[in-house]
1. Go through the range 55-69 residue by residue and tally those that are of a type in the set (A, V, I, L, M, F, W, C) and closer than 16 Å to THR105 by Cα.
2. Please go through the range 120-146 and give me each residue that is in a helix (DSSP H, G or I), under 21 Å from ARG66 (Cβ atoms) and open to solvent by 70 Å² or more (accessible area, probe 1.4 Å), ordered by number.
3. Hey, among the residues in the range 77-119 that are open to solvent by 40 Å² or more (accessible area, probe 1.4 Å), under 17 Å from the mean Cα position of the chain (by Cα) and among the charged types (D, E, K, R), which one's nearest to GLY67 (Cα to Cα)?
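The values are calculated or read from the model by the stated rules, or taken from the named source; none is laboratory data. Predicted model, so just to flag it, every value in this text is computed and none were measured. Methodologically, a virtual Cβ is constructed for each residue, glycine included, from the backbone with ideal geometry; neighbour enumeration extends over all protein chains shown. Heads up: the accessible areas ignore ligands, DNA and RNA and are worked out on the full protein's heavy atoms, side chains in. Shrake-Rupley method; radii C 1.70, N 1.55, O 1.52, S 1.80 Å.
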Amino acid sequence: AEERFNGVTSGFVLLAIGFKPAAARKTLADKAKKDGDEHAEERFSFPKLYAEGFSENAHKFNCLQRGHQHALETYTMFVSLSLLGGLTRPVTTALGGLIWCVSRTKYAAGYGTGDPQARYTHSFWGRHVWTSLLIVAATATVTGVSLLTA
């Protein structure tokens, strides 16, 4: 009975760890919106994340920047799910990681053309950014379920 309890407890802990990065990101975003100091910009010079204006160069820079920012936005979730999924499905998780690396590069290259739609059409691999996330999410789910039913 104790072994079953430990397995179920471990499963719940791993599932909670899997959801934590998404919850933490939402919490931080909500906090930034709520606690934002409306006078901070008067006291500090914040760096500009995107280029201003409507020139061709500004548009292309903004597309490059958005491709990079998107990778940063999904990285924590990808790594967390990979760690969990790798516990029971290391080969499948590693394959998902390889797909993520290749597709991220192609996705950003497509975005960097200046046409945001090219992130998916520039290369066969660009659209597989989401495939790789689904693979590691599935392996993490399998890990959690296997521990719950152990």
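1. Number of matching residues: 2.
2. THR121, ARG127, TRP130
3. ARG119
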